[in-house]
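Enquirer: Have a look at this one.
The values are calculated or read from the model by the stated rules, or taken from the named source; none is laboratory data. Just so you know, these numbers come straight off a predicted model, no measurement behind them. FYI the Cβ positions are ideal-geometry reconstructions off the backbone, even for glycines, and counts take in every protein chain you see.
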Amino acid sequence: MTSVLRTDYQRSVADYWNNERDPVNLRLGDIDGLYHHHYGLGEYDPSVLEGPAATRDERIIAELHRLETAQADVLLDYLEPVAREDRLLDAGSGRGGTSFMANQRFGSFVDGVSISESQVAFANGQAMERGVSDRVRFHFRNMLDTGLESGSLHGIWTNETTMYVDLFELYQEFARLLRHGGRYVCITGCYNDVTGGRSKAVSRIDEHYTCNIHPRSEYFRALAANGLVPINVVDLTAQTMPYWELRAQSPVATGIEEPFLTAYREGSFHYLLIAADRI
Ligand code: GPP
Ligand code: MG
């Protein structure tokens, strides 16, 4: 295996995540120890914006967290069925939120990989605290070159991480790792080939996270080129907009809310789930 960080770009991404301590992620995660690095799905309860001012912030934050956890639950629905002895990979595992939810739900083994050493240390600390470190483990590895055994995995997911990598390289590695019939689930933001190239709002999102959002078409080309056959494609855009509307009015807004809302409203960007099987 070559070194984990191969390029200057990867080093700059690792740097960003090694230093990231934003309340929009930490205050939400502190609620129940599930620290997410993805967005939310579903309607929010409008009453959180009203009621006693003293508890308003806290109630909005709890509601954002509930929607983010609901998002990971939807992702895991598309991995089912998973048995206790199955092995899963969380590719770009962040602080581990989705990995812990998968282990809780299926009892299965989960390996998470991240190019951020501080995220890996944080997530392994959470695994110890939660008493699941025998089954949920995080590694400082590159998802393009995980070093895991060929054909060893029942399932892989990427929860908003594919915008950091070349999809052809990524799916070549996933095709190597998945057993025949293994499942891959992706939730991502992608730009719309129909409206044309990268819109200004999408470029602002790229700039904010140092990422490179792919066009929708690129996912299907890269999956097909690597023996990964889509079984479900779900446009989650309408279901994620309430999250952004609430987040824009929250005390933990980061400034990226307007570009997301603009991109979704103008149709230049989609929030997409793809489930595919390894053949
Ligand atoms: C970060 O989640 C997610 C990304 C960097 C991927 C970009 C996603 C797209 C759909 C384009 P986060 O929870 O760390 O972000 P934030 O700090 O804004 O909540
Ligand atoms: Mg977040």
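Enquirer: Tell me which of these E68 doesn't satisfy, since it passes every other one: (1) more than 16 Å from ligand 2 (Cβ to nearest atom); (2) in a helix (DSSP H, G or I); (3) of a type outside the set (G, A, S).
Expert: Unmet condition: (1).
Enquirer: Right, another one. Which residues, taken from the stretch 87-146, are more than 23 Å from E173 (Cβ to Cβ), outside any loop (DSSP other than H, G, I, E, B) and touching a strand residue (DSSP E or B) at 6+ places or on another chain (Cβ under 9 Å)? It would help to see each step written out before you state the result.
Expert: To start, the set of residues in the stretch 87-146 that are more than 23 Å from E173 (Cβ to Cβ) comprises 100-101, 104-105, 107, 118, 121-122, 125-134.
Adding the requirement that they be outside any loop (DSSP other than H, G, I, E, B) leaves 100-101, 104-105, 118, 121-122, 125-129.
Those that are more than 23 Å from E173 (Cβ to Cβ), outside any loop (DSSP other than H, G, I, E, B) and touching a strand residue (DSSP E or B) at 6+ places or on another chain (Cβ under 9 Å): F100, A121, F122, Q126, A127.
Enquirer: If E43 meets every condition in (1) more than 28 Å from F140 (Cβ to Cβ); (2) in contact with a Lys or Arg (Cβ under 9 Å, 6 or more places away or on another chain); (3) assigned to a loop (DSSP other than H, G, I, E, B) apart from one, which number is that one?
Expert: (2)
Enquirer: Looking at A276, A238, can you tell me which residue is more than 13 Å from ligand 1 (Cβ to nearest atom), free of Cβ contacts under 8 Å to residues at least 40 places away in the same chain and among the aliphatic types (A, V, I, L, M)?
Expert: A238
Enquirer: Continuing with the same structure: Looking only at the stretch 81-113, count how many residues are small (G, A, S), closer than 21 Å to G182 by Cβ and crowded, with 24+ Cβ neighbours inside 10 Å. Even if it seems obvious, please write down each step before you answer.
Expert: Within the stretch 81-113, the first condition is being small (G, A, S), and the residues that meet it are 83, 91-94, 96-97, 99, 102, 107-108, 112.
Within this subset, residues satisfying the condition of being closer than 21 Å to G182 by Cβ are 83, 91-93, 99, 102, 107-108, 112.
In the following step, the residues that additionally are crowded, with 24+ Cβ neighbours inside 10 Å were identified as 91-93, 99, 102, 112.
Total meeting the criteria: 6.
Enquirer: If you take the residues in the stretch 243-260 that are touching a residue at least 60 places away in the same chain (Cβ under 8 Å) and not in a helix (DSSP H, G or I), which one is surrounded by the most Cβ atoms within 10 Å (Cβ to Cβ)?
Expert: S250
Enquirer: Taking only pairs six or more apart or across chains, which ones have beta-carbon atoms under 7 Å, a first residue in the stretch 17-34 that is at pLDDT 95 or above and aliphatic (A, V, I, L, M), and a second residue that is within 10 Å of ligand 2 (Cβ to nearest atom) and not in a helix (DSSP H, G or I)?
Expert: Close Cβ pairs (under 7 Å, with a partner that is within 10 Å of ligand 2 (Cβ to nearest atom) and not in a helix (DSSP H, G or I)) amount to V24/V252; V24/T254; L28/H36.
Enquirer: So, in the stretch 30-64, of the ones that are within 21 Å of S114 (Cα to Cα) and in contact with a Gly (Cβ under 7 Å, 6 or more places away or on another chain), which residue ends up farthest from ligand 2 (Cβ to nearest atom)?
Expert: By that ranking, first place goes to L34.
Enquirer: Can you tell me which residue is nearest to T69 (Cα to Cα) among those in the stretch 225-242 that are under 20 Å from the mean Cα position of the chain (by Cα) and outside any helix (DSSP H, G or I)?
Expert: Only one residue fits best here, namely L236.
Enquirer: Could you please let me know if V48 is in contact with a helix residue (DSSP H, G or I) (Cβ under 6 Å, 6 or more places away or on another chain), touching a residue at least 24 places away in the same chain (Cβ under 8 Å) and part of a helix (DSSP H, G or I)? Walk me through it before giving the result.
Expert: On the way: in contact with a helix residue (DSSP H, G or I) (Cβ under 6 Å, 6 or more places away or on another chain): yes; touching a residue at least 24 places away in the same chain (Cβ under 8 Å): yes; part of a helix (DSSP H, G or I): yes.
Yes: the conditions hold for V48.
Enquirer: Looking at A263, A201, A276, A222 in this structure, which one is modelled with pLDDT of 95 or more, part of a strand (DSSP E or B) and buried (at least 16 other Cβ atoms within 10 Å of the Cβ)?
Expert: Values: A263 fails: part of a strand (DSSP E or B); A201 fails: part of a strand (DSSP E or B); A222 fails: part of a strand (DSSP E or B).
Exactly one of A263, A201, A276, A222 is modelled with pLDDT of 95 or more, part of a strand (DSSP E or B) and buried (at least 16 other Cβ atoms within 10 Å of the Cβ), namely A276.
Enquirer: Output the residue which, of all residues in the stretch 10-28 that are touching a helix residue (DSSP H, G or I) at 6+ places or on another chain (Cβ under 7 Å) and within 26 Å of V132 (Cβ to Cβ), is nearest to ligand 2 (Cβ to nearest atom). Walk me through how you get there before you give the answer.
Expert: In the first step, residues of the stretch 10-28 are kept if they are touching a helix residue (DSSP H, G or I) at 6+ places or on another chain (Cβ under 7 Å); the result is 13, 17-18, 27-28.
Remaining after also requiring within 26 Å of V132 (Cβ to Cβ): 17-18, 27-28.
Numbers: W17: 12, N18: 16, R27: 10, L28: 7 Å.
Looking at the filtered set, the residue picked out is L28.
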